[in-house]
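The values are calculated or read from the model by the stated rules, or taken from the named source; none is laboratory data. Every value quoted in this text rests on a predicted model; they were computed, and no experiment measured them. Heads up, the Cβs are rebuilt from the backbone with ideal geometry, glycines too, and the neighbour counts pull from every protein chain shown. All accessible areas refer to the heavy atoms of the entire protein, side chains included, with ligands and DNA or RNA removed. Shrake-Rupley method; radii C 1.70, N 1.55, O 1.52, S 1.80 Å.
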Amino acid sequence: MTLNVQFLTLWFMFVSGMGLGMLYDAFRVVFVQLRLPRWTFPLADVVYWITATVCVFGTLVHSNQGQVRFFVFVGLIIGLLVYMMTLSRTVRKVIAVLIRAVKWLLRFFKRTFTLLFIKPAIGLYKLAWVLLGFLTALAMFLFRVVVQLVYPVWKLLLWLTRPLYKHLRVPARVLRWLNFLKQLFQKWFRKGK
């Protein structure tokens, strides 16, 4: 491995160390801002270390075909320390602001969606029920009026057809049906009064 490749690898590991520090701060701020449950901490640690390993090894393969040397660890540690001393506080504040902005946007979209779609849908649903109730009441009222108007005609028809009952043999089903209609009209006529 040439000296040029070693310096290039050292530089890449320095940048990777800074990236690992940034990733660690991002995980930490996300957990604080989102108030995630305690049981997710070990899961986040596993995800962090898998991500860190894949990123560092990918960088190492790119810079020196994956050869692990002492200066690789030196570059990672120096990059991490420089990041922690200089950029850590700023990055955490920026990430916290970004998370708050995303939360605000999500609340805004939720309120907008509720205001534009959910509330009108609920209003239309309630209006439909009110209209349905009104139409039902109107239909019942009109039915009563029609029954009261038709009742005298029905009584007259029954009176006129009474002599036919004696001479014709009407099936029992028809008689039951006519009896049912007679009781129904009498019931509605009594309700109307």
Whole-Å distance, taken between Cα centres, linking segment 122-152 and segment 98-115: 44 Å
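Using the Cα centre of segment 82-180 as the reference point, and only Cβ charges (+1 on K/R, -1 on D/E), how large is the resulting charge dipole? Debye, rounded to the nearest 20. Spell out each step's value before the answer.
Working: 17 positive and 0 negative charges, 84 e Å.
Value, rounded to 20: 400 debye.
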Under 14 Å from the Cβ of residue 92, count the other residues' Cβ atoms, weight Lys and Arg +1, Asp and Glu -1, and hand me the total. +3
Under 29 Å between alpha carbons: how many lysine pairs meet that in the chain, if sequence neighbours fewer than 8 apart on the same chain are excluded? 14
How large are Rg and Dmax for segment 1-92 when calculated on the C-alpha trace, in angstrom? 14.7, 49
Could you compute how much accessible surface residue 113 exposes when probed at 1.4 Å, giving the result in Å² to the nearest 10? 110 Å²
Under 10 Å, Cα contacts only: if you run a Gaussian network model on the chain, which one of 92, 35, 176 comes out with the highest mean-square fluctuation? 176
In whole Hz, with x marking every Gly and Pro, tabulate ³J(HN,Hα) for segment 77-93 from phi via Karplus 6.51 cos²θ - 1.76 cosθ + 1.60, θ = phi - 60°. 5, 5, x, 5, 5, 4, 4, 4, 7, 10, 9, 4, 4, 5, 5, 4, 5
Can you work out the accessible area per residue across segment 1-130, with the rest of the protein chains kept in place, probe 1.4 Å, in square angstrom? 74 Å²
At a 1.4 Å probe, what is the % contribution of carbon and sulfur to the accessible area of the chain? 75 percent
If you average 1/r across every pair of different Cα atoms in the chain and take the reciprocal, what Kirkwood value do you get, in Å? 25.4 Å
Show that you can apply the helix-only estimate: for the chain, add -39,500 (n - 2.57) for every DSSP H stretch of four or more residues, divide by all residues, and state [θ] at 222 nm to the nearest 500. -31500 deg cm²/dmol
